[in-house]
Structure formats: C-alpha cells, structure tokens
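Enquirer: Before I ask anything, let me first share the structure, which is written out below as structure tokens.
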C-alpha cells in the first residue's frame, strides 16, 4: 500500500538463509528431462511464460526452444518476449479473449 504508515521496529530483518535455493541444482537435468518427457507426450499444450525468462537473461535461448519444439506460448500483458503477431504467440491471459487465444487454449492437456 502506498503511503501506508509502518512501525519500523516490527519489520522482519534480513536473514541470509533466505537466499538458499529451494531446490538442489544437481537435480536440474533430471527435472528438465521430466519436463521434456511431459511435452513429448502432450497432444495439445501451451507454455505460459513470465518474468523468469527475462530475469534470467535467457529470452533468446527460450525463443530458440520455442521455435525448435514448435510450442505456442502466452505471456502476461506486460511482457515483450514475443511479438503479438508471431506464429507461436497465442494471446495473453485475461477476460478479453482473442480468437487466436481461444483456438490455442481449447483442449489443452499440458500447460
């Protein structure tokens, strides 16, 4: 809340242990293999992509994956990961559907 008054003495202090990863990085290849297995078995799927791709600095790598796998994607309203007229773009989530989004999202079995 903007302009809210706070009691600074009740603020939670920084705890360096909160920087610990919530997963074991050594398990990343196994997790990636499981995701690819799910993708390969899907009949219809769409990737919902958010800020993590941009924050990781991997927008170009992600684009290459989308093109190689031929998977349609949707993003939040404020993202520019993909052009609105791109062949792999199938709309943004929300209450104002586009025909492209409706067709893309109909019958998804993995997203």
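Please treat every number below as a calculation from the coordinates, not as lab data. Treat the numbers as computed from the prediction; the structure is a model and nothing was measured. Because the Cβ atoms are built from the backbone with ideal geometry, glycine has one as well, and the counts that use them run over all protein chains shown.
Enquirer: Every residue in the range 29-49 that is within 16 Å of residue 62 (Cβ to Cβ) and out of contact with any strand residue (DSSP E or B) (no Cβ under 8 Å at 6 or more places or on another chain), please.
Expert: Correct list: 32, 35, 36.
Enquirer: Now for a separate question. Restricting to the range 50-76, and then to whatever is in a loop (DSSP other than H, G, I, E, B) and touching a strand residue (DSSP E or B) at 6+ places or on another chain (Cβ under 9 Å), can you tell me which residue is surrounded by the most Cβ atoms within 10 Å (Cβ to Cβ)?
Expert: Looking at residues that are in a loop (DSSP other than H, G, I, E, B) and touching a strand residue (DSSP E or B) at 6+ places or on another chain (Cβ under 9 Å), I get 72.
Enquirer: Oh, and also: When you scan the range 27-49, do you find a residue that is surrounded by fewer than 10 Cβ atoms within 10 Å (Cβ to Cβ), within 21 Å of residue 89 (Cα to Cα) and without any contact (Cβ under 8 Å) to a residue 40 or more places away in the chain, even just one?
Expert: Yes.
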